[in-house]
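Chemist: Have a look at the structure that comes next, please.
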Amino acid sequence: MQKSILRYFKHISLTLLVLLTIGIILLLSLNGTIHYADNPAKNEWINEGPYLFFENDSMFNINYISGNKNQGFKATQSTLNINSNIELSSYFNLDSSSFNFTIQANITSPKTVYNDKNKILAISDIESGYQSFRNFLINNKVIDENLEWTFGKGHLVLVGDFVDRGYSTMQVLWFIYKLEQDAKRHGGNVHYILGNHEIKNLQGNYTKASLKYFYAAAILGKQQYELYDSNSFLGKWLASKNTLELINGHLFVHGGIHPEITSYQTNIDEINEIIRSNYRQAFYPKNESTLEQLLVSTTKGPAWYRGYFYDNLPADEIDKGLHLFKAKAVVVGHTVQRKVKKMYNGKVFSLDVNHPKDYRKTWPLKQSEGLLIEDGTYYRALYNGNIKRL
């Protein structure tokens, strides 16, 4: 009897071991992670924000939130003239750090085409991971330890999905805003290319946002969609951004260029204008075939398309897209890969990797990567500042 029980448990143990091994192999093959713990500091809010809204045509309403669920939350508010020198700060609770930035009330859309010989560093899909984003930029000498710009006249290209799925959305967005200003003072550029998740939030679709921001909106007496509506400073700033930019012959777009787009007589400026005009319009498929419907589609639109990875596109279909925009290569995020890689003989570069998450512990531990383009050569830019030629 005892031997039978031992034999039974032996078989069960072996079966579980085999299943566990298969599960790990599948997890690694799909580039997945297991979330096993959260840092409790995520529940302690200290000067969370700022949440900045237009009070009227001449005044800003500035809000910070502090507290926790046990003791309750409190929002502190102030009102300042739009034309005054407004310096604000963003606090990061995980390591008790902060950074300052100055609000510039005038918001305009950036250019779509840039031509120079300056180097490019591109990264995508940070998904509210401020710490990983900041440390990657420090290690790759875009900024120094004091968060000051050190990239000279270089181009820092952010290829979409810097929001959602995390607890540091406000820190990430204000950090990008600060970087934009710092880069300009040194002759450099920060290009924030919107991805599908930025667009979802502009449309009021916040299903992938952390519940933290549902609570934040409630504390401020607002609905969550108001965090990015036209009365929100960040919402207005995001709505000014492009979804495609051509930088030194490289087309940067979050998802990709669907072959059907090449059947229209269009250009990069028109495409950006059409998509921007729909940032606040929830998409639904209409029974009509137009360029607008194609561009805002949640399967074929530039911020959503995944065909480079799943459609086995022939080379001539990719060439058509490159020819339309007079580009030598397209650089995309959106579809997770194990590492930054070169595809289709260097016509497509994929950026999306699993970055470490603020406040969240996962296995296996992932590390950030980006793409460095310098003197016509392409490199994987690693989290620690090392580079590997592609």
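Chemist: Identify, by number, the condition in (1) over 19 Å from His191 (Cα atoms); (2) more than 20 Å from the chain's Cα centre (by Cα); (3) assigned by TED's automatic domain parsing to the domain that holds Phe349 that Gln131 doesn't meet.
Modeler: (2)
For every residue, the table says whether it meets (1) in contact (Cβ under 8 Å) with a residue 40 or more places away in the chain; (2) small (Gly, Ala, Ser).
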| residue | (1), (2) |
| --- | --- |
| Phe252 | yes, no |
| Gly255 | yes, yes |
| Ile261 | yes, no |
| Ser289 | no, yes |
| Leu294 | no, no |
| Ser297 | no, yes |
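Chemist: Turning to a different aspect of this structure: Which fully enclosed helices (runs of 4 or more DSSP H) of the stretch 194-270 have 1 or more residues being farther than 30 Å from Val113 by Cβ?
Modeler: Of the helices (runs of 4 or more DSSP H) lying wholly inside the stretch 194-270, those with at least 1 residues that are farther than 30 Å from Val113 by Cβ span 211-219.
Chemist: Regarding the stretch 361-369, can at least one residue be identified that is in the same structural domain as Ser240 (by TED's automatic domain parsing), closer than 27 Å to Tyr167 by Cβ, among the hydroxyl-bearing types (Ser, Thr, Tyr) and part of a strand (DSSP E or B)?
Modeler: yes
Chemist: Look at Gly160 and say whether it is in contact with a strand residue (DSSP E or B) (Cβ under 9 Å, 6 or more places away or on another chain) and crowded, with 24+ Cβ neighbours inside 10 Å.
Modeler: yes
Chemist: Next question, about the same structure. Do you know which residues across the stretch 85-128 are polar (S, T, N, Q), in contact with a helix residue (DSSP H, G or I) (Cβ under 6 Å, 6 or more places away or on another chain) and either closer than 19 Å to Leu156 by Cβ or in the same structural domain as Lys153 (by TED's automatic domain parsing) (or both)?
Modeler: Those that are polar (S, T, N, Q), in contact with a helix residue (DSSP H, G or I) (Cβ under 6 Å, 6 or more places away or on another chain) and either closer than 19 Å to Leu156 by Cβ or in the same structural domain as Lys153 (by TED's automatic domain parsing) (or both): Ser90, Thr112, Ser128.
The values are calculated or read from the model by the stated rules, or taken from the named source; none is laboratory data. If you're wondering where the values come from, they're calculated on a predicted model, not measured in any experiment. As a convention, Cβ positions derive from the backbone with ideal geometry for all residues, glycine included, and neighbour counts pool all protein chains shown.
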